[in-house]
Amino acid sequence: EWGRVVATLIRTTGDWDVAEESAQDAFALAIERWRRDGVPEKPGAWLTTTATNRAIDRLRRAAKGTEKLKEMAATAHSEDPSDSDESGIADDQLRLIFTCCHPALSLDAQVALTLRTLAGLTTCEIARAFLVSNSTMAKRLVRAKGKIAHAAIPYRVPPAHLLSERTQAVLGVMYLLFNEGYAASAGADLVRSGLCDEAIRLGRTLARLMPHEPEALGLLAEQWAS
């Protein structure tokens, strides 16, 4: 649920850091509450609502975003608008990846930010994928988030006719996600099968969505060959 929760908060707050920190708070609270009270019937909704409330508290303490607070309070318990969009993408995770890969950012920034935010890779793992130092990648991620905030870049699911301008970045995300799974840069496991499986699943989904996109088919074939 991580990607969906963070995506919802980024869209409603417009603040990447507030979104991630509030999501972390919600997941930490879930560990405590669910162990005691049991897992709720709709875990994703519980996490989203809790994270939204945490975000409202953070913005209120910072004494900023009055209009944004009103908007968040009004939509805190509504359904996720990404459930009904014009992208034609049925898969939640792929939809979020297309959303995160905004063409206003450089290609590298799109891929790196998506890997960090939705795929959950660490800054160190992403730096290794891009063959740069950890500090360089950390600065790139901060700059990308800053550009989104300062330019008020909208964070929403693109309609179907605009998917093609984001496809290259989406393919980059899948490629590097598979690479990290196939040859893990850290940890006890040399192969992280969960990442490999997810990258292949996303590749299949993209190939079905864009059957005439040769690079999508080529990436899927390369993953299988590995």
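Charged side chains reduced to their Cβ positions (Lys and Arg at +1, Asp and Glu at -1) give the chain a dipole of some 720 debye around its Cα centre. As a length-normalised measure over Cα pairs under 8 Å and 6 or more apart, the relative contact order of the chain settles at 19 percent. A simple packing score, the average count of other Cβ atoms within 10 Å per residue, orders the peptides 202-211, 92-101 as 92-101, 202-211, with the highest score first. Between residue 149 and residue 207, the contour length at 0.36 nm per residue exceeds the alpha carbon distance by 17.6 nm. Based on DSSP H segments of at least four residues, each scored -39500 (n - 2.57), the chain has a per-residue ellipticity at 222 nm of -22000 deg cm²/dmol.
On the basis of the beta-carbon distance and an R0 of 41 Å, residue 62 and residue 37 show a calculated FRET efficiency of 0.85. Accessible surface of segment 87-191, 1.4 Å probe: 57 percent of it comes from carbon and sulfur atoms. For segment 130-226, the Kirkwood estimate of hydrodynamic radius, built from reciprocal distances between every pair of different alpha carbons, is 15.4 Å. Between residue 122 and residue 53, the C-beta separation translates, for a Förster distance of 22 Å, into a calculated FRET efficiency of about 0.20.
In sequence order, segment 11-21 has phi-based couplings of 5, 7, 9, x, 10, 5, 5, 4, 4, 5, 5 Hz under the Karplus curve 6.51 cos²θ - 1.76 cosθ + 1.60, θ = phi - 60°, and Gly or Pro positions carry x. Between residue 93 and residue 183, residue separation times 0.36 nm minus the direct Cα-Cα distance comes to 30.1 nm.
The values are calculated or read from the model by the stated rules, or taken from the named source; none is laboratory data. It should be emphasised that the depicted structure is a prediction, and the values quoted were computed from it without experimental measurement. Ideal geometry is used to build each Cβ from the backbone, glycine not excepted, and the neighbour counts take in all protein chains shown. Surface areas here come from the heavy atoms of the whole protein model, side chains and all, with no ligands, DNA or RNA. Shrake-Rupley method; radii C 1.70, N 1.55, O 1.52, S 1.80 Å.
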